[in-house]
Amino acid sequence: MHRVAMRGALVVVAAATLTLAACGSKSADGGSSNANAGGGGTTQTTETGSAGGGAAGSAAGGGDSSAASGGGSAAASGGGTASGGATAIKPVEQISPEGAKVEQKSASNAANPAGDGKAKCSGVNIGMAGALTGANAALGINILNGAKVAIDEHNKANPDCQVQIKQFDTEGDPQKATQVAPSIVNDKTVVGLLGPAFSGETKATEPIFSQAGLLSLTASATNPDLTKQGWKNFFRGLGNDNSQGGAIANYMTKELGYKKICVVQDDSDYGVGLAKVVTETLGDAADSSCAAKVKTGDKDFSATVNQIKGASPDAVYYAGYYAEAAPFVSQLRGADVKATFVSADGTNDPQFVKQAGNAASGAILTCPCGPAPADFAKKYQDLNKIAPGVYSVDAYDLTTIMLKGIDSGITDRAKLIDYVKSYEGQGLAKDYKWDDTGELAVANPWVYKVG
Amino acid sequence: MTYDREMREEGLDSNAPGLTGDDDEANSGPAPSGYGQIPDEPVDVDVTAVDPSLADPEHVAEVVAPQREIRTAEGAPLMRMEHVTMKFGGLVALDDVSFDIKRGEILGLIGPNGAGKTTCFNTMTGVYRPTEGQVVFDGRVLGKLKRNEITRAGIARTFQNIRLFNEMTALENVAVGTDARHKTSVPGALFRTTRHRDEERDAIDRGMALLEFVGIGERATEKAKNLPYGDQRRLEIARALATEPKLLCLDEPAAGFNPAEKSALMDLIRKIRDDGYTVLLIEHDMRLVMGVTDRIVVLEFGRMIAEGLPDEIRDNEQVIAAYLGVPDDESA
Amino acid sequence: MSFLALSSGPLLSNDVISFDIANLGRSFFQSTLDGLEWGAIYALVAVGYTLVYGVLRLINFAHSEVFMAGMFGQYAALMALGFTPNGNAYNEGPVMTILYLGIAMLAGMAVSCVVAVSLERVAYRPLRKRSAPPLVFLITAIGASFVLQEFVHFVLPNLTGQTLGGVNAQQPIKLVNREELFSVGDGSVSNLTLILVLSALVLTGITDIIVNRTKFGRGIRAVAQDPTTATLMGVSRERVIMLTFAIGGILAGAAALLYTLKIPNGIIFNGGFILGIKAFSAAVLGGIGNLRGALLGGLILGVAENWGQYIFGNNWKDVIAFALLVLVLMFRPTGILGEKLGRARA
Amino acid sequence: MSTPAAASGKPQARADQPKPAGGKEKIAIGDRFRLWWNSLSRPTQWAVGVPFIILLALLPVVRPPGISTVGTDFGGVMAQFGMIALIAIGLNVVVGQTGLLDLGYVGFYAVGAYTVGLLTSPDSPWNQTGDGGWLSAKWAWLAVLPIAVAITAISGLILGTPTLRLRGDYLAIVTLGFGEIVRLLADNLDTLTRGGQGLSQVAYPRLGESDTAMNGVFAAGYSNGGNINNGVWWFWLSLLLIVLVLLGVGNLERSRVGRSWVAIREDEDAAEIMGVPTFRFKLWAFVIGAGIGGLSGALYAGQVQFVVPTNFNVINSMLFLCAVVLGGQGNKLGVILGAFIVVYLPNYFLGRTEFLWWNINGNAIADYKYLFFGLALIVLMIFRPQGLIPVRQKLMTYGRQIWLAARGKRTKFDDNPAGSDKPGSTAAAEVSR
């Protein structure tokens, strides 16, 4: 008898839940449909990527990232009032390494992958290596999709030069990447590589590409060490962690006038490296008594929050990804810590705003990546059915550069390296010109603000 | 219940409740087979092909008991229970029990259900440490010895509910027993030292002889779990003998046997004794006990109520009362 | 602890592991209160491990995924009630908030319960029928854990139009804001502290009463002590096992709601894994198979790891929990209160 | 194994045994193979086994189209397979043979990798390859290899001594905790290990240096222009180590040690009562398993030249366990097959757009691997817990003698009575001898 009763109760509860869920998915649709559309990012396992591994979704910061659009009204009660309006990440300005504002140029002179439409080529392709599956896939997909926009424009305009983009999935795992790299090298139609995406896998595979003389143009690996290895084929299409960290540190002390800053880092390559640069550049402004380390995957920061609360700083700098930054900033605000929350490209993601809600507002985020112009965003959306994410624009620019090289008649790997080495021109995101080591000659990060 | 708990904490009760289903104490048959097993084809071993001399029972008997002391010091006490008391919590399972086991004899330990036979047995084989009193074996007090050391000191046992190494062949099961006398370990095995090779040879030679001795030599390469029930019991005895014990303890070896098997078992037990071993026998079946033992100790409610020759025990009124007090058809 | 010994070794200087006992002194009450909140959650999850272990001698490794399912269950219910996830706190007034929380908790319990019972049915029962050895159960549990996690990771988003599951944490729905009620020393006792700790006490209390005082409970205790006799006495073993999983699931569902109140950003496919291991540690700490031990172990583990993180830093929290587990198992494998389900003390 | 008959001088009669005629043709292939294999002398067994291994070694050189991988380099996949196979062999000693469930085996893998990393990476404060170090750059990896194995074995001893007295399921959880602690320590002790930044430029064997391969054949960039790249060389190295380890583990298995392990697995208390010092042999199993795990970790560090804590997640422990359980616990060849499946299948689907006649999204399939492995574990445990190739262990050094003796009467069985004797399994089990 008990058994029957219990079963009955179970069934009733389960049915009720299902019913609720079914109705609910409809009523809550508006606010939640893009909960995951922006793509993911790192969750628990950050692998070894140093480049904003978690960064994903729209960095454009434009109105399209309707992250927390509208206060949801509790339909059941009718009287529910949720605080919070439309908050989003909006670009503020581009800053120099000294933290000063840099005037932007108009993007109208940006290189166009379409070219003059008369290019002729055959059997020449571009490779793309990065995480396309696994926990870090979002970043790789942002890059791949950005590149696809450029390829699409190029191929439509140049019927006699159809270039393909060949995808190679590394899962962001160094060992996996060393398995994939020989396949890329052995594909003789690949004259240039967009990637690898993460710093860890770049470290592991670049000897292979270097040996093979294959151009490796990364849109996201930002570990400063990478350009110090003497690889002649490696070029970084954006500022490294040093430039980003140094600039924001100076920006905080000089432009914003902060005197006391707590630097908190996660345990990723990216977070550790970034925190080091920021702490060094901040000098005395970095308060070592409230510097803290957290772990990727942590959701509870009570000890760190308490420590920071005791120090009452002007700002908290977080070097890490949004998955931890969101609960961290929520808990800071929950404990009445009013200090400005400052972070970098790992946090520069709509998910950050979605998950932190109002607690995110006022947060200052940097990114070596530029905001996506509206017409690029539209093309991207049309082609890929989702909004552009972090590094999509940069991937587009870098692919464009390689395509221009191919259009100029280059069919072998060595010549493409030379072409990129001497390249100079404007892109959608920034100006591209590399120094001898493969770093951008000028790499000014962007400052964004959540508001 | 208390017994059950103690057993479990000792980790002795392999069929602890839960995972293995409903077969706890009730099922004393062979371990449940059939879980995830690939049936193996029966293979008969030509024993004489392994070693022609195994055709000679005299030779077999000699190999089986290499250090047998037939008729030497016969009658001298091998094991003494000295005022052994065993308590579990508040429950007294053994109360001031004292008796001897003499060299070269077959001693029967009997008593109605719950009389403390198993506790007594476990105390003698070193599974439990007595609360009071002591067990002296061959001049040594079984106090701080580990269980594997007790085996090497010369006490071997079988289990009431057969506990063979199911996935191992009969010969390998026996070889585990012979290993109790072997010295080489990982380095020797890794580098195949001479001593290791000698010991491995000994494992095979004695193992085959033991199997032949208990009568299952042909089944040497069969997995233990695939042996018929009776052969499993025999294998357990062979495995215990392989450790070269001075005292062999048999825990209800005839459980589940039919009369013909029982009589064969009696022959085997006598043969073991004649080969120079001392045997302790715990048994329910009075006929078997009366038929094979030289001396009998009777327990009831943890106390020793009688000790003597089979005929004396048969006529002992206390014993009759104890057995009649419990309607136990096996005592008939 | 083991890593303390490391720090005094000659090869490692203090900057390898820096610790600051004074920091704990400064925040003693706060860290204790934080620890109690965690302890409440650990305790509720630990009950599930303890009950199943007590009855089946099985570490239900997939129990962490039962908990995870509960998080998604209560979240789905809140969405069904019309709450739009936006990361901000709602203010519904006390009565409605309690009502919504109650519904969410029931939903979480229901989902966890269903997952736990189906797990038993689909994965464990066939094994029991075949009298499989314990290792096989454990490996199955690991497989089930994989399947449940990856289901939420990959399959659920496709089934729910990318609303639930996926690689990111769910956007939080906050019904309760942490508000200080009164302060004790340096610590502030908030509404959440009370909700968490009281819920854990009440729920484990109710479970304790069910197990120790009711007919159902007698069945559980009987099977835990001696399945054969219990069966002979007319207790249906299968039903008791199902009931055990159900109770464990229900408490895990409750814990899921409490967890999301404390950590609104924690609703993610792999969010139960580490918490599950810690809850198991708590169960072992208190004495596995012992209900009150689970509560005690949970609270002790929560407090210990919080004290630890105030001393050594946030990144040492998990190390402390695992080291505690290893130490307890090494030196007192039966836990603080000893084992055995239903051998009630009191 | 010298010819046992000659050594003992006893079983000479074997050859003269009358053999019932007529049955021979009807024995199942698997049996016939096993009988044939057992009747070969040791040198002949080698003569058959070695070409098989060479064939395996040539697989990534030939790269047969249907077998080779598309999205990743087949040589690299085989190298990873080699490492996981070593791990599976080591874990098999612990889980399969001794029956101790170790969920933190990845911890030993990490200890091995970090030992090499800490001693040879320029990033490490304990680097011994630079000025003042006692390792020459050329031989650093090979010199550190035994050190890594030894240190890992010692870590197994340290973990095992207090924990191996625990019950089986407790042991599983303690080892899980240990695995996590190792990873967290690697992460937190950042002055030593650089935490999440990892240790890069780890040493590797500098062999075969030439003008075309400046850093030798094991260097990351090496390729001979064709199919032979550094991945293939690492695979060959692992294959060599696998054979050596198999010989060692085989020697142990067919001895008192293996018998004790299996006895402990079957019934620990009965084993103890039969005089097996169970604790000591469990510890041996742990130490040997750990050492093999460390060996694999050292290979990993050398191949990737970069160690970082995230590669040593607990989930990898589960994957290793998958390999062992899938292949067949206790069966050395089986677990190697399990390792192959675990490594090869996800990689096989990676980047593939069609499979047989279907169009598929190979990346998605590769993405779902944990889902599939989880399902495989559940289904396997219910229907075939012994794994794909069930164990058929040989626990006697001179067991062949008995097999030969059994053979005479065996031919009496006209048909294979069980019919379940998988030809593959016997073949596999025998090759491992």
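Numerical summary
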read-out: Virtual spin-label span in nm between B:Lys271 and C:Leu201, 7 Å along Cα→Cβ; value: 7.2 nm
read-out: Which listed pairs, of A:Lys203/A:Lys232; A:Lys176/A:Lys299; A:Lys259/A:Lys295; A:Lys203/A:Lys228, have C-alpha distances above 18 Å, in listed order; value: A:Lys176/A:Lys299; A:Lys259/A:Lys295
read-out: Per-residue mean of C-beta atoms belonging to partner chains within 10 Å, peptide C:326-334; value: 4
read-out: Average partner coverage of A:167-178, which counts Cβ from other chains inside 10 Å; value: 6
read-out: Per-pair calculated FRET efficiency, R0 = 30 Å: C:Ile336 and C:Arg125 via Cβ, rounded to 0.05; value: 0.40
read-out: Computed FRET value (nearest 0.05) for B:Ala55 with B:Asn258, which takes r as the C-beta separation and R₀ as 22 Å; value: 0.15
read-out: Inter-site label distance for C:Ile209 and D:Leu55 at 7 Å from Cα along Cβ, in nm; value: 7.2 nm
read-out: The stretch A:334-431: relative contact order as a whole-number percent, Cα under 8 Å and 6+ apart; value: 24 percent
read-out: HN-Hα J in Hz across the stretch A:349-365 - Karplus 6.51, -1.76, 1.60, θ = phi - 60°, x for Gly and Pro; value: 7, x, 4, 4, 5, 4, 7, 9, x, 4, 4, 7, 5, x, 5, 9, 10
read-out: Listed pairs B:Lys146/C:Lys278; A:Lys188/A:Lys404; C:Lys174/D:Lys369; A:Lys148/A:Lys430; B:Lys183/D:Lys394; A:Lys378/D:Lys369 exceeding 26 Å between Cα atoms; value: B:Lys146/C:Lys278; C:Lys174/D:Lys369; A:Lys378/D:Lys369
read-out: Cα gyration tensor category, rounded, prolate or oblate, for the stretch D:188-284 with a/c compared to 1.5; value: oblate
read-out: Cβ crowding within 10 Å averaged over residues, with C:258-271, B:287-300, A:314-327, B:240-253 ranked highest first; value: A:314-327, C:258-271, B:240-253, B:287-300
read-out: Gyration tensor verdict on the stretch A:242-367 (Cα atoms; rounded if a/c is under 1.5, prolate if a/b is larger than b/c, oblate otherwise); value: rounded
read-out: Karplus (6.51, -1.76, 1.60) ³J(HN,Hα), θ = phi - 60°, over the stretch B:314-323, in Hz, Gly and Pro reported as x; value: 4, 9, 6, 5, 4, 5, 4, 4, 4, 6
read-out: Rounded if a/c under 1.5, otherwise prolate or oblate - the stretch D:70-389, Cα gyration tensor axes; value: oblate
read-out: Per-residue Cβ neighbour rank within 10 angstrom, fewest leading, D:Ile151, D:Ile365; value: D:Ile365, D:Ile151
read-out: Reachable aspartates and glutamates from D:Lys138, criterion Cα separation under 20 angstrom, eight or more residues apart if same chain; value: D:Asp123, D:Glu209, D:Asp211
read-out: Gain on full stretching of the segment that runs from A:Asp382 to A:Ser408 - 0.36 nm per residue minus C-alpha separation; value: 6.5 nm
read-out: Other-chain or far-sequence residues with amide H under 5 Å of A:Val263's (modelled H); value: A:Asp287, A:Ala291, A:Ala292, A:Tyr317
read-out: Amide H contacts of C:Ser183 (H built 1.01 Å from N, under 5 Å, at least 5 apart or other chain); value: C:Val189
read-out: Shielding by other protein chains, D:68-74, mean Cβ within 10 Å; value: 6
read-out: Other-chain or far-sequence residues with amide H under 5 Å of A:Lys166's (modelled H); value: A:Ile126, A:Gly127, A:Met128
read-out: Whichever lysines have a C-alpha closer than 19 Å to that of A:Lys449, once near sequence neighbours (fewer than 8 apart) are set aside; value: A:Lys90, A:Lys101, A:Lys254, A:Lys338, A:Lys354
read-out: Span-rule helices in chain C, defined as complete DSSP H runs reaching 18 Å or more along the axis (Cα) with Kyte mean at least -0.5; value: C:28-56, C:63-80, C:94-119, C:134-150, C:191-213, C:237-262, C:273-286, C:291-312, C:317-331
read-out: Relative packing of peptides C:137-145, D:284-292, A:409-417 - highest average C-beta neighbours within 10 Å first; value: D:284-292, C:137-145, A:409-417
read-out: Sequence-separation-based contact order of the stretch A:242-367, relative, with Cα cut under 8 Å and 6+ spacing, percent; value: 25 percent
read-out: Calculated FRET efficiency for the pair C:Glu180/A:Ser288, C-beta based, R₀ 35 Å, to 0.05; value: 0.75
read-out: Per-residue ³J(HN,Hα) for the stretch A:374-379, Karplus 6.51 cos²θ - 1.76 cosθ + 1.60, θ = phi - 60°, Hz, x for Gly and Pro; value: 4, 6, 5, 4, 5, 4
read-out: Highest to lowest packing among A:333-344, D:189-200, A:123-134, scored as the average C-beta count within 10 Å; value: A:123-134, D:189-200, A:333-344
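Only the coordinates and a few stated rules stand behind these numbers; no lab work does. All of these numbers come straight from a predicted model, not from anything done at the bench. As a convention, Cβ positions derive from the backbone with ideal geometry for all residues, glycine included, and neighbour counts pool all protein chains shown.
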